[in-house]
Amino acid sequence: MKIILGITGGIAAYKAPELIRLFVKTGIEVEVVMTDAATRFVTPLTLQALSGKPVHLSQWEGMMHIDLSRQADAILVAPATADFIAKVANGHADDLLSSLCLARDCPLYLAPAMNRQMWENAATRRNIERIRDDGIHLIGPEEGIQACGETGFGRMTEPDDIASLMMSSLSAKTMLGKRFLITAGPTQEPIDPVRVITNLSSGKMGYEIAAAALQRGAEVVLVSGPTCLSSPYGAKLVSVGTAQQMLEAVMENIEGIDVFVGVAAVSDYHVVNRSGEKLKKQERLLLELEPNPDILKTVSSLENPPFCVGFAAETEKLHENARAKLENKKVQMIVGNLARDALGRDDNEVAIFTKEGVLKLPRASKRDIACQILEEIGKRIS
Ligand code: C5P
């Protein structure tokens, strides 16, 4: 996939390098086009280094405005200033980027960024309406504190959200109409008001699966234990703490679900003799633990269960343990990995176990692995 990233002259241009990094990380080719004003906020050299390609600045380089747009799957302008939006709304073509937008035969996305008063100005409102009527996609802007110190609408949408929205919009919608329920992250079982028993889990794998499903047009409910991650754009996030809360959230949302993916590292036990007050240091502390409900098994044992996918993070005998889980948990698929290779990292090495056999995937980013898991699910639920 190839995207033309247009950058215009607003302070939010400082976020453009991050946007390029996110696209490139996902294997998307990025061709950068800057307006003259944009070069005052971020240097072409930075963008060239990140995109790995020369940055286009001038309209006097042959038929660049035609050539570039013909090779692209989409044009994204981020940030798009009020002035640039006015140009696009009125069909101006007085620099390379506006000429490209006018000569394009691919979708155009604009991520506006400007002062809130400029965004609310009648002229901008008119231009935005015209842009919408012309079938141009708008991403944001968001409400919040602005570079000028004022608060209101006009902040550019965060690069993470722009990138996932673009990828959703450009991916083939192979999961359109499918409803996914995904658990992710660790659970936390209180010992007292300030201490918990938990598992090591960043939540990254579950969040990537949620993002990959959304990109393919699925509806996603993400039931997540505590993580430092932001929810993928478009997911319904239900935040929980304990395994019991996770089970309740899952059961509340299970109706009509086609695919259940249990990625969460659910704590196996909860503390029975949990203290209402902070425990003082003592010579020896005995905690009484009781097993938690098995969420995956509860779902797979429903009368009309969805397609169920479980995860097996093992430290040894991966194949044996994953196969056993396929049977015991009555699920259609187990994604197995060696826990010590995966925890907290951005990449992982997994094998997908089904009753037909095992598919070993090479080490890859969790994003790529999520895509492959989705492919395998897709083959079985179509
Ligand atoms: O039994 P084990 O924890 O090894 O199984 C892992 C799989 O089962 C994961 O998919 C995990 O999300 C799910 N699980 C669950 N509820 C539990 C324990 C595990 O849903 N209480």
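The values are calculated or read from the model by the stated rules, or taken from the named source; none is laboratory data. What you see is a predicted model; the values in this text were computed from it and never measured. Note that each Cβ is placed from the backbone with ideal geometry, even for glycine, and that neighbours are counted across all protein chains shown. Accessible surface is based on the protein model in full, side chains and every heavy atom, while ligands, DNA and RNA are left aside. Shrake-Rupley method; radii C 1.70, N 1.55, O 1.52, S 1.80 Å.
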Item to complete: Only residues that are of a type in the set (Gly, Ala, Ser), open to solvent by 20 Å² or more (accessible area, probe 1.4 Å) and in contact (Cβ under 8 Å) with a residue 40 or more places away in the chain: list them for the stretch 218-234, please.
Response: Ser230, Gly234
Worksheet item: modelled with pLDDT under 90 and open to solvent by less than 20 Å² (accessible area, probe 1.4 Å): does that describe Gly154?
Response: no
Discussion item. For the stretch 1-47, give me the residue count where each residue is among the charged types (D, E, K, R), buried (at least 17 other Cβ atoms within 10 Å of the Cβ) and within 21 Å of Arg70 (Cα to Cα).
Written reply: 1
Worksheet item: Does the stretch 245-268 contain any residue that is under 16 Å from Leu296 (Cα atoms), surrounded by fewer than 17 Cβ atoms within 10 Å (Cβ to Cβ) and touching a Pro at 6+ places or on another chain (Cβ under 6 Å)?
Response: yes
Worksheet item: If you go through the stretch 291-326 one residue at a time, how many are away from the ligand (no atom under 12 Å from the Cβ) and either open to solvent by 80 Å² or more (accessible area, probe 1.4 Å) or part of a loop (DSSP other than H, G, I, E, B) (or both)?
Response: 10
Discussion item. Taking the conditions exactly as written (more than 11 Å from the ligand (Cβ to nearest atom) and either in the same structural domain as Ala243 (by TED's automatic domain parsing) or open to solvent by 60 Å² or more (accessible area, probe 1.4 Å) (or both)), does Leu286 satisfy them or not?
Written reply: yes
Discussion item. Scan the stretch 173-184 and tell me whether some residue there is more than 30 Å from Asp294 (Cβ to Cβ) and open to solvent by less than 60 Å² (accessible area, probe 1.4 Å).
Written reply: no
Worksheet entry | Check on Leu214, among the aliphatic types (A, V, I, L, M), surrounded by fewer than 19 Cβ atoms within 10 Å (Cβ to Cβ), under 16 Å from the mean Cα position of the chain (by Cα) and closer than 21 Å to Lys25 by Cα | no
Practice prompt. Would you be able to say whether some residue in the stretch 234-252 is within 25 Å of Ala351 (Cβ to Cβ), assigned by TED's automatic domain parsing to the domain that holds Val350 and of a type outside the set (Ser, Thr, Tyr)?
Written response: no
Item to complete: Taking Ala147 as meeting all but one of (1) among the aliphatic types (A, V, I, L, M); (2) crowded, with 20+ Cβ neighbours inside 10 Å; (3) assigned to a loop (DSSP other than H, G, I, E, B), write down the number of the exception.
Response: (2)
Practice prompt. Evaluate the stretch 269-276: report whether one residue or more is open to solvent by 60 Å² or more (accessible area, probe 1.4 Å), closer than 27 Å to Asn348 by Cβ and in contact (Cβ under 8 Å) with a residue 60 or more places away in the chain.
Written response: yes
Worksheet item: Do we find a residue being within 14 Å of the ligand (Cβ to nearest atom), free of Cβ contacts under 8 Å to residues at least 40 places away in the same chain, in contact with a strand residue (DSSP E or B) (Cβ under 8 Å, 6 or more places away or on another chain) and not in a strand (DSSP E or B) anywhere in the stretch 247-262?
Response: yes
Discussion item. Looking only at residues that are more than 27 Å from Thr227 (Cα to Cα) and in a loop (DSSP other than H, G, I, E, B) in the stretch 348-357, which one is farthest from the ligand (Cβ to nearest atom)?
Written reply: Glu356
Item to complete: Find the residue count for the stretch 67-93, including only residues that are in a helix (DSSP H, G or I) and open to solvent by less than 50 Å² (accessible area, probe 1.4 Å).
Response: 9
Worksheet, complete the sentence: Of (1) in contact (Cβ under 8 Å) with a residue 24 or more places away in the chain; (2) assigned to a helix (DSSP H, G or I); (3) open to solvent by less than 50 Å² (accessible area, probe 1.4 Å), Met118 satisfies every one except (3)
Worksheet entry | Restricting the stretch 329-341 to residues that are more than 26 Å from Ala218 (Cα to Cα) and touching a residue at least 24 places away in the same chain (Cβ under 8 Å), the residue that is most open to solvent (accessible area, probe 1.4 Å) | Arg340
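Within the stretch 327-342, which residues are within 9 Å of the ligand (Cβ to nearest atom) and polar (S, T, N, Q)?
Hit for the stretch 327-342 is Asn328, nothing else.
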Practice prompt. Within the stretch 358-380, identify whether any single residue is open to solvent by 20 Å² or more (accessible area, probe 1.4 Å), under 30 Å from Thr174 (Cα atoms) and part of a loop (DSSP other than H, G, I, E, B), and answer yes or no.
Written response: yes
Worksheet item: In this structure, does Arg345 turn out to be among the charged types (D, E, K, R) and assigned to a helix (DSSP H, G or I)?
Response: no
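Among what's in the stretch 263-273 and is assigned to a loop (DSSP other than H, G, I, E, B) and closer than 16 Å to Gln245 by Cα, pick the residue that is farthest from the ligand (Cβ to nearest atom).
Per the criteria, the residue is Val272.
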